[in-house]
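Structure record follows, encoded as C-alpha coordinates.
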Amino acid sequence: MNTPIPVLTIDGPSGSGKGTVSRAVAQKLGWHFLDSGAIYRSLAIAVLRAGIPVENVDEIVALAENMNLSFTTDDPPEVLLNGQDIAGEIGSETCGNAASRIAAFGPVRQALLEKQRSFRRPPGLVADGRDMGTVVFQDAGYKVFLTASAEVRALRRYKQLKDKGLDVNLINLTREIEERDRRDLERKEAPLVMAKDAVRIDSSDLDIQQVIERVFGVVASPTG
Ligand code: C5P
(Lines give C-alpha, C1' and ligand atoms only; values in the text may rest on other atoms or scores of the structure.)
Protein backbone atom coordinates (compact mmCIF):
# COMPACT_ATOMS: atom_id res chain seq x y z
CA MET A 1 0.00 0.00 0.00
CA ASN A 2 1.20 3.51 -0.79
CA THR A 3 1.91 5.72 2.21
CA PRO A 4 -0.37 8.78 1.99
CA ILE A 5 1.27 12.19 1.65
CA PRO A 6 1.30 13.66 5.19
CA VAL A 7 -0.97 16.60 5.96
CA LEU A 8 -1.04 18.96 8.94
CA THR A 9 -4.33 20.88 9.14
CA ILE A 10 -4.55 24.16 11.05
CA ASP A 11 -8.11 25.40 11.41
CA GLY A 12 -9.54 28.25 13.44
CA PRO A 13 -11.24 31.65 13.34
CA SER A 14 -9.71 34.76 11.75
CA GLY A 15 -7.04 36.45 13.84
CA SER A 16 -6.06 33.26 15.67
CA GLY A 17 -2.58 33.46 14.09
CA LYS A 18 -3.22 30.57 11.68
CA GLY A 19 -1.71 32.24 8.63
CA THR A 20 1.61 33.23 10.17
CA VAL A 21 1.98 29.98 12.07
CA SER A 22 1.04 27.75 9.12
CA ARG A 23 3.46 29.48 6.77
CA ALA A 24 6.31 29.28 9.29
CA VAL A 25 5.66 25.61 10.06
CA ALA A 26 5.39 24.70 6.35
CA GLN A 27 8.67 26.45 5.69
CA LYS A 28 10.47 24.68 8.54
CA LEU A 29 9.12 21.28 7.53
CA GLY A 30 9.86 21.97 3.85
CA TRP A 31 6.20 21.12 3.07
CA HIS A 32 3.76 22.79 0.68
CA PHE A 33 1.33 25.34 2.03
CA LEU A 34 -2.37 25.83 1.29
CA ASP A 35 -4.01 29.08 2.34
CA SER A 36 -7.58 27.94 1.66
CA GLY A 37 -8.98 31.31 2.76
CA ALA A 38 -7.08 32.89 -0.14
CA ILE A 39 -8.98 30.61 -2.52
CA TYR A 40 -12.34 31.78 -1.13
CA ARG A 41 -11.07 35.37 -1.15
CA SER A 42 -9.91 35.11 -4.78
CA LEU A 43 -13.28 33.78 -5.81
CA ALA A 44 -14.92 36.66 -3.90
CA ILE A 45 -12.82 39.14 -5.90
CA ALA A 46 -13.81 37.44 -9.15
CA VAL A 47 -17.49 37.64 -8.08
CA LEU A 48 -17.28 41.32 -7.11
CA ARG A 49 -15.43 42.20 -10.32
CA ALA A 50 -18.00 40.38 -12.43
CA GLY A 51 -20.77 42.26 -10.63
CA ILE A 52 -22.48 38.99 -9.64
CA PRO A 53 -24.71 39.27 -6.54
CA VAL A 54 -23.15 37.32 -3.63
CA GLU A 55 -26.28 35.16 -3.36
CA ASN A 56 -26.30 34.01 -7.00
CA VAL A 57 -24.98 30.50 -6.32
CA ASP A 58 -25.15 29.14 -9.89
CA GLU A 59 -23.12 31.96 -11.37
CA ILE A 60 -20.61 31.84 -8.52
CA VAL A 61 -20.13 28.09 -9.05
CA ALA A 62 -19.60 28.67 -12.79
CA LEU A 63 -17.03 31.32 -12.00
CA ALA A 64 -15.29 28.99 -9.50
CA GLU A 65 -15.08 26.24 -12.09
CA ASN A 66 -13.51 28.51 -14.68
CA MET A 67 -11.23 30.57 -12.50
CA ASN A 68 -7.53 30.23 -13.05
CA LEU A 69 -5.63 30.75 -9.82
CA SER A 70 -1.96 30.55 -8.99
CA PHE A 71 0.04 31.42 -5.89
CA THR A 72 3.75 32.01 -5.54
CA THR A 73 5.59 31.10 -2.35
CA ASP A 74 7.28 34.52 -2.18
CA ASP A 75 6.90 36.65 0.91
CA PRO A 76 4.51 38.43 0.48
CA PRO A 77 2.98 35.88 -1.90
CA GLU A 78 1.78 36.86 -5.35
CA VAL A 79 -1.75 35.74 -6.17
CA LEU A 80 -2.72 35.60 -9.82
CA LEU A 81 -6.39 35.46 -10.72
CA ASN A 82 -6.80 34.81 -14.45
CA GLY A 83 -3.30 36.22 -14.92
CA GLN A 84 -3.83 39.40 -12.88
CA ASP A 85 -2.07 40.03 -9.56
CA ILE A 86 -4.71 40.51 -6.84
CA ALA A 87 -2.37 40.35 -3.82
CA GLY A 88 -3.14 44.00 -2.99
CA GLU A 89 -6.89 43.42 -2.73
CA ILE A 90 -7.05 40.00 -1.16
CA GLY A 91 -6.37 41.04 2.45
CA SER A 92 -9.10 43.66 2.75
CA GLU A 93 -12.09 43.24 5.05
CA THR A 94 -14.46 43.84 2.12
CA CYS A 95 -12.95 40.83 0.43
CA GLY A 96 -12.95 38.73 3.66
CA ASN A 97 -16.61 39.50 4.27
CA ALA A 98 -17.64 38.67 0.70
CA ALA A 99 -15.57 35.46 0.94
CA SER A 100 -17.40 34.43 4.11
CA ARG A 101 -20.77 35.06 2.44
CA ILE A 102 -20.08 32.97 -0.65
CA ALA A 103 -18.38 30.30 1.49
CA ALA A 104 -21.70 29.58 3.18
CA PHE A 105 -23.05 27.87 0.00
CA GLY A 106 -22.52 24.11 -0.27
CA PRO A 107 -22.20 24.02 -4.09
CA VAL A 108 -19.56 26.78 -3.95
CA ARG A 109 -17.55 24.81 -1.38
CA GLN A 110 -17.92 21.68 -3.49
CA ALA A 111 -16.62 23.52 -6.58
CA LEU A 112 -13.43 24.46 -4.70
CA LEU A 113 -12.78 21.05 -3.13
CA GLU A 114 -10.56 19.49 -5.80
CA LYS A 115 -8.57 22.70 -6.23
CA GLN A 116 -7.72 22.56 -2.51
CA ARG A 117 -6.91 18.84 -2.55
CA SER A 118 -4.53 19.33 -5.49
CA PHE A 119 -2.13 21.09 -3.08
CA ARG A 120 -1.39 17.74 -1.43
CA ARG A 121 1.95 16.92 -2.98
CA PRO A 122 5.12 15.29 -1.64
CA PRO A 123 6.79 15.70 0.76
CA GLY A 124 3.75 17.03 2.67
CA LEU A 125 1.20 19.81 3.13
CA VAL A 126 0.29 22.32 5.80
CA ALA A 127 -3.34 23.37 5.16
CA ASP A 128 -4.78 26.49 6.78
CA GLY A 129 -8.54 27.17 6.91
CA ARG A 130 -11.84 26.45 8.64
CA ASP A 131 -12.68 22.92 7.47
CA MET A 132 -9.30 21.45 6.59
CA GLY A 133 -9.41 18.80 9.33
CA THR A 134 -13.18 18.20 9.22
CA VAL A 135 -13.88 18.06 5.46
CA VAL A 136 -11.09 18.68 2.96
CA PHE A 137 -8.34 16.54 4.57
CA GLN A 138 -10.34 14.45 7.01
CA ASP A 139 -7.68 11.76 6.88
CA ALA A 140 -4.86 14.15 7.90
CA GLY A 141 -2.48 12.64 10.43
CA TYR A 142 -1.90 15.91 12.29
CA LYS A 143 -4.67 18.33 13.20
CA VAL A 144 -4.58 21.59 15.12
CA PHE A 145 -7.44 23.90 16.09
CA LEU A 146 -5.96 27.31 16.76
CA THR A 147 -8.04 29.86 18.58
CA ALA A 148 -7.80 33.05 20.69
CA SER A 149 -10.24 35.32 22.49
CA ALA A 150 -12.36 37.61 20.26
CA GLU A 151 -10.67 40.74 21.72
CA VAL A 152 -7.17 39.47 21.04
CA ARG A 153 -8.12 38.44 17.49
CA ALA A 154 -9.68 41.83 16.66
CA LEU A 155 -6.62 43.65 17.99
CA ARG A 156 -4.25 41.45 15.98
CA ARG A 157 -6.22 42.00 12.80
CA TYR A 158 -6.31 45.75 13.51
CA LYS A 159 -2.51 45.87 13.82
CA GLN A 160 -2.09 43.78 10.67
CA LEU A 161 -4.29 46.10 8.60
CA LYS A 162 -2.66 49.23 10.10
CA ASP A 163 0.77 47.86 9.21
CA LYS A 164 -0.45 47.52 5.64
CA GLY A 165 -1.29 51.23 5.75
CA LEU A 166 -5.06 50.67 5.68
CA ASP A 167 -7.42 53.00 7.48
CA VAL A 168 -9.31 50.89 10.04
CA ASN A 169 -11.50 51.46 13.04
CA LEU A 170 -11.15 48.98 15.92
CA ILE A 171 -14.81 49.11 16.97
CA ASN A 172 -16.09 48.50 13.43
CA LEU A 173 -13.48 45.82 12.89
CA THR A 174 -14.48 43.99 16.10
CA ARG A 175 -18.10 44.07 14.98
CA GLU A 176 -17.21 42.76 11.51
CA ILE A 177 -15.06 39.98 12.95
CA GLU A 178 -17.87 38.92 15.30
CA GLU A 179 -20.32 38.88 12.41
CA ARG A 180 -17.98 36.86 10.21
CA ASP A 181 -17.30 34.41 13.08
CA ARG A 182 -21.01 33.97 13.62
CA ARG A 183 -21.59 33.26 9.93
CA ASP A 184 -18.69 30.78 9.80
CA LEU A 185 -19.84 29.05 13.01
CA GLU A 186 -23.54 28.87 12.27
CA ARG A 187 -23.58 27.93 8.59
CA LYS A 188 -24.96 24.51 7.68
CA GLU A 189 -22.15 23.62 5.26
CA ALA A 190 -18.77 22.84 6.83
CA PRO A 191 -19.16 25.17 9.82
CA LEU A 192 -16.10 26.15 11.81
CA VAL A 193 -15.88 23.33 14.34
CA MET A 194 -12.95 21.56 15.86
CA ALA A 195 -12.28 18.11 14.39
CA LYS A 196 -12.73 15.41 17.04
CA ASP A 197 -9.12 14.35 16.62
CA ALA A 198 -7.62 17.87 16.60
CA VAL A 199 -5.40 19.37 19.28
CA ARG A 200 -6.71 22.71 20.54
CA ILE A 201 -4.20 25.53 21.05
CA ASP A 202 -5.33 28.83 22.55
CA SER A 203 -2.94 31.51 21.35
CA SER A 204 -4.39 34.42 23.41
CA ASP A 205 -1.42 34.52 25.77
CA LEU A 206 1.22 33.01 23.53
CA ASP A 207 3.60 34.65 21.09
CA ILE A 208 4.03 33.27 17.57
CA GLN A 209 7.19 31.37 18.47
CA GLN A 210 5.44 29.60 21.35
CA VAL A 211 2.53 28.63 19.10
CA ILE A 212 4.91 27.29 16.46
CA GLU A 213 6.63 25.16 19.10
CA ARG A 214 3.30 23.71 20.24
CA VAL A 215 2.35 22.91 16.65
CA PHE A 216 5.67 21.11 16.23
CA GLY A 217 4.76 19.14 19.34
CA VAL A 218 1.63 17.93 17.50
CA VAL A 219 3.64 16.87 14.45
CA ALA A 220 5.96 14.95 16.74
CA SER A 221 2.98 13.02 18.14
CA PRO A 222 0.32 12.36 15.45
CA THR A 223 -3.37 12.61 16.36
CA GLY A 224 -4.83 10.07 13.96
O1 C5P B 1 -9.04 32.71 6.50
P2 C5P B 1 -9.60 33.88 5.76
O3 C5P B 1 -9.98 35.03 6.64
O4 C5P B 1 -8.73 34.30 4.63
O5 C5P B 1 -10.95 33.34 5.09
C6 C5P B 1 -11.92 34.21 4.52
C7 C5P B 1 -13.29 33.54 4.63
O8 C5P B 1 -13.31 32.39 3.77
C9 C5P B 1 -13.63 33.02 6.02
O10 C5P B 1 -14.30 33.98 6.82
C11 C5P B 1 -14.52 31.82 5.72
O12 C5P B 1 -15.87 32.18 5.63
C13 C5P B 1 -14.07 31.35 4.36
N14 C5P B 1 -13.29 30.13 4.45
C15 C5P B 1 -13.98 28.94 4.55
N16 C5P B 1 -13.31 27.75 4.58
C17 C5P B 1 -11.97 27.74 4.55
C18 C5P B 1 -11.23 28.94 4.49
C19 C5P B 1 -11.93 30.13 4.45
O20 C5P B 1 -15.20 28.93 4.60
N21 C5P B 1 -11.34 26.57 4.55
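The values are calculated or read from the model by the stated rules, or taken from the named source; none is laboratory data. Being a predicted model, the structure only gives us computed values, none of them experimental. Here the Cβ is made from the backbone with ideal geometry for all residues, glycine too, and neighbour counts use every protein chain on show. Calculation scope for accessible area: heavy atoms of the full protein, side chains included, ligands and nucleic acids excluded. Shrake-Rupley method; radii C 1.70, N 1.55, O 1.52, S 1.80 Å.
Numbers at a glance
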{"item": "Computed accessible area, Arg101, all protein chains, 1.4 angstrom probe, square angstrom", "result": "110 Å²"}
{"item": "Length gained when the stretch Leu161-Gln210 is fully extended (0.36 nm per residue, less Cα-Cα span)", "result": "15.3 nm"}
{"item": "Inverse mean reciprocal Cα-Cα distance (Kirkwood Rh) of segment 7-219, Å", "result": "17.4 Å"}
{"item": "Amide H contacts under 5 Å for Gly129, placed H, 5+ residues apart", "result": "Ile10, Asp11, Gly12"}
{"item": "Sites Lys196 and Ala220 - FRET efficiency at Förster radius 22 Å, r taken between beta-carbons, to 0.05", "result": "0.60"}
{"item": "Spin-label model distance (nm) - Gln110 vs Lys28, 7 Å beyond Cα toward Cβ", "result": "4.0 nm"}
{"item": "Formal net charge of residues neighbouring Gly30 (Cβ-Cβ distance under 14 Å; K, R +1; D, E -1)", "result": "+3"}
{"item": "Model label zone, Ala50; criterion: amide N under 14 Å from point 7 Å along Cα-to-beta-carbon; scope segment 104-132", "result": "108-109, 111-112"}
{"item": "Cα-based Kirkwood hydrodynamic radius, segment 111-224, one decimal, Å", "result": "15.9 Å"}
{"item": "Ranked order, Lys188, Lys159 - accessible area, probe 1.4 Å, largest first", "result": "Lys188, Lys159"}
{"item": "Amide hydrogen neighbours beyond the local backbone of Ile201, cut-off 5 Å, H modeled", "result": "Phe145, Leu146, Thr147"}
{"item": "Relative contact order (%) - segment 7-219, alpha-carbon pairs under 8 angstrom, separation at least six", "result": "34 percent"}
{"item": "Of Lys115/Lys164; Lys18/Lys143; Lys115/Lys196; Lys28/Lys143, those spanning more than 21 Å from alpha-carbon to alpha-carbon", "result": "Lys115/Lys164; Lys115/Lys196"}
